[in-house]
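Enquirer: Sharing a structure below in structure tokens format, with a few things to ask.
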Amino acid sequence: MSTKKTNAQPPEKFTGIKLTEIPQKAVGTTAIKSALKHVISETGIGKTIGLLKNINQTDGFDCPGCAWPDPDEKRAFLAEYCENGAKAIAEEATKNKVSPMFFATHSVQELSEWSDYEIGKSGRITAPMFLKENATHYEEISWDNAFSLIGKELNKLNSPDEAIFYTSGRTSNEAAYLYQLFVRQFGTNNLPDCSNMCHESSGSGLSQTLGIGKGSVTLDDFNHADLVIVIGQNPGTNHPRMLTALGETKKNGGKIMTINPLPEVGLMNYVDPQNPIKWFGSGQKLTDQFLQVKINGDVALLKIIMKLMKQKEEEQPGTVFNHEFIKNQTHGFDELMNDLDSYSIDELLPQTGLTLPEIKKASELIINNDNIIICWAMGLTQHKNGVDNIREVVNLLLLKGSIGKKGAGTCPVRGHSNVQGDRTMGIWEKPKLPFLNALEKEFNFNAPKKHGYDVVEAIEAMHKGKAKVFLGMGGNFISATPDTEFTADALRNCDLTVHVSTKLNRSHLIHGKKALILPCLGRSEKDLQDNIEQFVSVENSMGVVHQSKGHLKPCSSLLLSEPKIVAGIAEHTLKNSEIKWSELTSNYDLIRDKIEATIKGFDNYNERVRKKGGFYLPNNARKADFSPTSTGKANFTLNQASDIELRENQFILMTIRTHDQYNTTIYGLHDRYRGIMNERRVVLMNPEDMKTHNLKKMDKVDLISHYKGEERIARQFLVIPYSIPRNCTATYFPEANVLVPIKSKARISNTPASKGVIISIKKV
Ligand SMILES: Nc1nc2c(c(=O)[nH]1)N[C@H]1C(S)=C(S)[C@@H](COP(=O)(O)OP(=O)(O)OC[C@H]3O[C@@H](n4cnc5c(=O)[nH]c(N)nc54)[C@H](O)[C@@H]3O)O[C@H]1N2
Ligand SMILES: Nc1nc2c(c(=O)[nH]1)N[C@H]1C(S)=C(S)[C@@H](COP(=O)(O)OP(=O)(O)OC[C@H]3O[C@@H](n4cnc5c(=O)[nH]c(N)nc54)[C@H](O)[C@@H]3O)O[C@H]1N2
Ligand SMILES: [Mo]
């Protein structure tokens, strides 16, 4: 039971809400204005154009905003960015600095009382900083002393498994590869990453069914799709450039179906960001059919759709299912058909919150179209049955034979710009043996085979005192993870917490007995090693590996690149490493040679990564080759619908992003596309539910989550009536993370169920 409140949570202060009309369209002139205003105010007018013109150009840097791919060929000046990409860049290129003087002026306690918005706005960290045991303020420390301290603490541990090495998804391929290599030479697979809280359910579900944990489509497939289904995703805010691809689908005669508890503006109507003439127009209708599903009603909905398909197939054999594909390429079809018979539509329907005619219309759209792409993000993965959600999506595609051909397939839309690449580089707590064997052979050491901790297990281990050193390569662990107060206790238990970061965040303030902040170069900054400009490489959501090269002068001469920081730690920690860490990190081509030698798909890495647009990694599902699965075929699976049972006065809560944040980095206080301005402490409710619970617009409430008799509380939220299904509510991450119980997570993938929290609402 955790009803306490410490500074691990953002302050419970209101900021002055204003409600506006919900805009009719996404992107367009308001978005451009908002982006420019943000970039100019953060970086100054001089830097703005230089910055924007280099985003996502083949010789520029990869936008740190999201992992949506860039066109392989044509890229327009100023076009391959979006409002939120521009904001992400502005955050990094900000002129504000967090210097040693800043830390001397503000104590850790004082900073922890600031809001996340204020913490983020304070700027870029300019020097390595150390918080001594029982000290009140961080003090500057030399790099050498910082590395020695880490080495000393790591070598003091009883076992390498007492250290945790977290990664967020911005880390480049080169840095990630070296990092996992160092961690494995140190002797552990404790490499949890943000993916554990993100698309882990996609990886688990896709590997089992299709033999690859990544999506199968390319950007070009959107030009050839008959139907694109966007389920559990809000691209207007989180992947705005995806709207262009959806626009292309429409232009070519395809249809869009949206399945979401909220009518997200970007999906309903949009303006092509790459066509300035249209910015002033009223926008284009994007979604052809919108299914306003209840939170976690997706498996029930997909089951009804498949039952209706089966019915039609029985009435008119050969008109619905792709029998040839099913026979030659799949396994488990009969079991799926029998399983579908065991459910009745009547029992499934209430979970969806939809009417049968609506679902019939959706099933017709699916029946009548053969090239189908399904896109999804956190609305599917962050549920107790997150893996079931993904596998049910695969079932639907397999019945239609809609995978491994043009205009069709799976599209899990990744979050962080290199989260997919980090996995490819071996950032994983459950590495496969062939990969470990390749490392052992290349670097002559014994790699640990025992699986390490994922995010949830890492928190539990630190909480129990089984892990004592935490190192974060990027990210903001305390704010991104579930069960904020539990996780805070876990971090406070550590002997040492270390963060490699660009900007100040709450994880620097909720710390172990000792703490270090190691400031690194950002994506947009020039990386000089031995006086030669280096570039790094990243992999986008569709498996294209390409280079990223910053052009700006680093915000401080004391910053090191992430590869250099890994090298420094490794040299001060490992006693018997045969690797020449300094040499490897003085010329990143040498790191890429090692990647080529140990990871499949990177032949001629240094040559191919220099080609405009980079290269595609191999993808078996794209070629309709499912041989890597356990049966050698694509697997149909039997999946569980939601088991959430609400008692009287209970609601399901999903914790989502506003239009003005990048995960835990709060750019601003507006959620423009939802008409909620200048306030984050809101809870969106169905107006009928408000009536029956005697709540009025702007009432102040506390949110209490319920899990197996335990209660957790987040105080001070304002009730906002919104178009959302009955018994469903929404609020923002990270304010509500305190409500997500550490034990409430997806089966198999262990992803925290941040979209399926059971709450009650108490008026205060
Ligand atoms: N500007 C910006 N861009 C970002 C990010 C950011 O914070 N800001 N974050 C990045 C990262 S790491 C990620 S993972 C992605 C996240 O991208 P999204 O997954 O789009 O982000 P969320 O805000 O979590 O939105 C989830 C969507 O799923 C819907 N949803 C919730 N529960 C359910 C459900 O049970 N069923 C269905 N069908 N829908 C549901 C919500 O209404 C919402 O529209 O974006 C990446 N890009
Ligand atoms: N309740 C709830 N919780 C969630 C989610 C949710 O939807 N609901 N979403 C989950 C998801 S999808 C994700 S991916 C995680 C995100 O979890 P994280 O990846 O841990 O969090 P971020 O907020 O993306 O990390 C931001 C910090 O990264 C640092 N940073 C930025 N750029 C760089 C860089 O180039 N190098 C380095 N070293 N550091 C850098 C900055 O210091 C910044 O403060 O949160 C998860 N948590
Ligand atoms: Mo994510």
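Since every read-out is calculated from the coordinates, none of them should be taken as a lab result. Computed from a predicted model, the values in this text were never measured in an experiment. Positions of Cβ are backbone-derived with ideal geometry, glycine not excepted, and every protein chain shown enters the neighbour counts.
Enquirer: At R0 = 30 Å, how high is the FRET efficiency between residue 343 and residue 762 if r is their beta carbon distance? Nearest 0.05 is fine. Mind showing how you got there, number by number?
Expert: Numbers: r = 36 Å, r/R0 = 1.21.
Efficiency, rounded to the nearest 0.05: 0.25.
Enquirer: Where does the charge balance sit around residue 443 when Lys and Arg score +1, Asp and Glu -1, over other residues with C-beta under 12 Å from its C-beta?
Expert: Numbers: positive: 184, 441, 580, 594; negative: 440, 442, 578.
Surrounding charge for residue 443 is +1.
Enquirer: Something else about it: Cβ neighbours within 10 Å, averaged per peptide: list 703-716, 599-612 in order, most packed at the top.
Expert: 703-716, 599-612
Enquirer: So, in Å, what gap is there between the alpha-carbon centers of segment 429-483 and segment 548-584?
Expert: Taking the Cα centre of each part, segment 429-483 and segment 548-584 sit 20 Å apart.
Enquirer: Need one number: % antiparallel among DSSP beta bridges in segment 474-624, to the nearest 5. Provide the component values of the computation, followed by the final result.
Expert: On the way: 9 of 17 bridges.
Close to 55 percent.
Enquirer: For residue 370, put the label point 7 Å out on the Cα→Cβ axis and report which residues of segment 216-260 keep their amide N under 14 Å from it.
Expert: Backbone N within reach: 225-227.
Enquirer: Moving on to the next point. Below 8 Å between Cα atoms, with a sequence gap of 6+, how large is the relative contact order for segment 651-763 in percent?
Expert: 37 percent
Enquirer: Work out how much length residue 133 to residue 72 would gain on full extension: take 0.36 nm times their residue separation and subtract the Cα-Cα distance, in nm to one decimal.
Expert: The span from residue 133 to residue 72 would gain 16.8 nm if fully extended.
Enquirer: Which links in 441/464; 430/468; 250/310 stretch past 26 Å when you go from one Cα to the other?
Expert: Those over the limit are 441/464; 250/310.
Enquirer: Please give the length that would be gained between residue 4 and residue 144 if that part of the chain were fully extended, namely 0.36 nm times their separation in residues minus their C-alpha to C-alpha distance (nm, one decimal).
Expert: So the extension gain works out to 46.5 nm.
Enquirer: A further question on this structure: Enumerate the calculated ³J(HN,Hα) couplings along segment 712-722 in order (Karplus 6.51 cos²θ - 1.76 cosθ + 1.60, θ = phi - 60°), each rounded to whole Hz, writing x wherever the residue is Gly or Pro.
Expert: Couplings: 10, 10, 10, 9, 6, 10, 9, 7, 10, x, 8 Hz.
Enquirer: So how far apart, in nm, are the two label points at residue 600 and residue 355 if each is 7 Å from Cα heading toward Cβ?
Expert: For residue 600 paired with residue 355, the spin-label model returns 5.1 nm.
Enquirer: Cα-Cα over 21 Å: which of 432/466; 360/745; 214/405; 95/553; 4/762; 4/696?
Expert: Violating the 21 Å Cα-Cα cut-off are 432/466; 360/745; 4/696.
Enquirer: Would you work out if the chain is rounded, prolate or oblate? Take a ≥ b ≥ c from the square roots of the eigenvalues of the alpha-carbon gyration tensor; rounded if a/c is under 1.5, else prolate when a/b is larger than b/c, oblate otherwise.
Expert: rounded
Enquirer: I want the antiparallel fraction of DSSP beta bridges within segment 200-412, as a percent rounded to 5. Write out the running numbers ahead of the final one.
Expert: Details: 2 of 19 bridges.
Just about 10 percent of them are antiparallel.
Enquirer: Straight-line reach from residue 623: which aspartates and glutamates have Cα under 20 Å away, leaving out those fewer than 8 places along the same chain?
Expert: Here the aspartates and glutamates satisfying the reach criterion relative to residue 623 are 72, 220, 221, 226, 324, 370, 539, 603.
Enquirer: Just for the chain, what percent of DSSP beta bridges are antiparallel, to the closest 5?
Expert: 45 percent
Enquirer: At 7 Å along Cα-to-Cβ for each site, give me the label-to-label distance between residue 607 and residue 575 in nm.
Expert: About 4.4 nm, to one decimal.
Enquirer: Sort 34, 561 by Cβ crowding within 10 Å, fewest neighbours at the top.
Expert: Ordered by Cβ neighbours within 10 Å, fewest first: 34, 561.
Enquirer: Over segment 200-412, what is the relative contact order in percent, taking alpha-carbon pairs closer than 8 angstrom and at least six residues apart?
Expert: 32 percent
Enquirer: Which whole-number percent is the relative contact order of the chain (Cα, under 8 Å, 6+ apart)?
Expert: For the chain, the relative contact order is 22 percent.
Enquirer: If R0 is 51 Å, what FRET efficiency do you get for residue 716 and residue 587 from their C-beta distance, rounded to 0.05? The partial results should precede the final answer.
Expert: Values: r = 53 Å, r/R0 = 1.04.
Here the calculated transfer efficiency is 0.45.
Enquirer: Label-point separation (nm) for residue 451 and residue 285, each offset 7 Å from Cα along Cα-to-Cβ?
Expert: Between residue 451 and residue 285, the simple spin-label model gives 4.8 nm.
Enquirer: Rounded to the nearest 0.05, what FRET efficiency do residue 693 and residue 30 have when you use their Cβ-Cβ distance and R0 = 30 Å? Numbers along the way, then the final one.
Expert: Values: r = 35 Å, r/R0 = 1.15.
Computed FRET efficiency for residue 693 and residue 30 comes out at 0.30.
Enquirer: What's the center-to-center distance, using Cα atoms, between segment 300-316 and segment 693-740 in Å?
Expert: Each part's Cα centre sits 36 Å from the other's.
Enquirer: Okay, next question. Based on the mean of other beta carbon atoms within 10 Å per residue, what is the order of 691-701, 749-759, 517-527, 122-132, most packed first?
Expert: Put in order of decreasing packing, that is 749-759, 517-527, 122-132, 691-701.
Enquirer: Return the calculated 222 nm mean residue ellipticity for the chain, to the nearest 500 deg cm²/dmol, obtained by summing -39500 (n - 2.57) across DSSP H runs with n ≥ 4 and dividing by the residue count.
Expert: When only DSSP H runs of four or more count, the value is -9500 deg cm²/dmol.
Enquirer: Here's a follow-up. Output the lone cysteines of the chain: those with no second cysteine's C-beta under 4.7 Å from their C-beta.
Expert: 63, 66, 82, 194, 198, 494, 520, 555, 728, each lacking another Cys Cβ under 4.7 Å.
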